[in-house]
1. Tell me, yes or no, whether region A:50-57 has at least one residue that is open to solvent by 80 Å² or more (accessible area, probe 1.4 Å) and free of Cβ contacts under 8 Å to residues at least 12 places away in the same chain.
2. For the subset of region A:77-113 comprising residues that are in contact with a strand residue (DSSP E or B) (Cβ under 6 Å, 6 or more places away or on another chain) and farther than 27 Å from B:SER93 by Cα, which member is nearest to the other protein chains (Cβ to nearest Cβ)?
3. Within region A:58-76, count every residue that is open to solvent by less than 20 Å² (accessible area, probe 1.4 Å) and within 14 Å of A:ILE21 (Cβ to Cβ).
4. So in region B:64-96, with the set limited to residues that are under 15 Å from B:ARG36 (Cα atoms) and polar (S, T, N, Q), which one is least open to solvent (accessible area, probe 1.4 Å)?
Amino acid sequence: GNSVTQMEGPVTLSEEAFLTINCTYTATGYPSLFWYVQYPGEGLQLLLKATKADDKGSNKGFEATYRKETTSFHLEKGSVQVSDSAVYFCALSKGSTLGRLYFGRGTQLTVWP
Amino acid sequence: DGGITQSPKYLFRKEGQNVTLSCEQNLNHDAMYWYRQDPGQGLRLIYYSQIVNDFQKGDIAEGYSVSREKKESFPLTVTSAQKNPTAFYLCASSEDRNNEQFFGPGTRLTVL
């Protein structure tokens, strides 16, 4: 079946540190991949996406590359800020499943000044 | 501004009562979704709908019901049959089955 596994948190970093949050997936065919971010008490916001192998999604300094050979979509940022503190969710979507998203469990990121 | 609204933001319910959570979107999206979020468990799909007057069960539909009488509205009823309803509920919509989903701000339901 379709599933997403992402690294467990919490992740705690100092400001300006490098961030990696690992995400791997299981799916047949060619899913679309997403990273969503959730700030405390709010809904989810789309951070970035990639729809085919080797695509790189990027937004607000965050990047993730769709690697079909390793079935991965790791999230990276070169220099985190306190304002990046949030929960990050990796997700996949396949058109054959009526557009539903399959989410990972989320990774809590806390950035200290 | 286009978006998704959910109301109320906080909801308290006594055991044995049904309660309905509102979700409205003015994005003209065909598809709408309901998720439940519990600490440390990510999001789980309750129900989804691709078109008006049609919806499908997700992974945890027991104890919930929905309707889709209008394109812009997808209310969720949490019935007394739901054993552990205290959670954060998120509604989402997408333009079609291949597009990313846009989320509302959520409703936090607490059963007293």
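The values are calculated or read from the model by the stated rules, or taken from the named source; none is laboratory data. As the structure is a computational prediction, the values presented were derived from the model and not from experiment. Every residue, glycine as well, gets a Cβ built from its backbone with ideal geometry; the counts of neighbours run over all protein chains shown. To get the accessible areas, we keep the full protein, side chains included, count just its heavy atoms, and leave off ligands, DNA and RNA. Shrake-Rupley method; radii C 1.70, N 1.55, O 1.52, S 1.80 Å.
1. If we filter region A:50-57 for residues that are open to solvent by 80 Å² or more (accessible area, probe 1.4 Å), which is where we start, we get A:52, A:54, A:56.
With free of Cβ contacts under 8 Å to residues at least 12 places away in the same chain added as a condition, the list becomes A:56.
Taking every residue of region A:50-57 in turn, at least one turns out to be open to solvent by 80 Å² or more (accessible area, probe 1.4 Å) and free of Cβ contacts under 8 Å to residues at least 12 places away in the same chain.
2. A:THR110
3. Of all residues in region A:58-76, those open to solvent by less than 20 Å² (accessible area, probe 1.4 Å) come to A:62, A:64, A:66, A:72-73, A:75.
Applying the additional criterion that residues be within 14 Å of A:ILE21 (Cβ to Cβ) yields A:62, A:64, A:72-73, A:75.
Residues meeting the conditions: 5.
4. So the residue we want is B:SER93.
Residues checked against (1) in contact with a helix residue (DSSP H, G or I) (Cβ under 9 Å, 6 or more places away or on another chain); (2) within 11 Å of chain A (Cβ to nearest Cβ); (3) free of Cβ contacts under 8 Å to residues at least 60 places away in the same chain:
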residue	(1), (2), (3)
B:LYS9	no, yes, no
B:GLN17	no, no, no
B:THR20	no, no, yes
B:GLN37	no, yes, no
B:GLN50	no, yes, yes
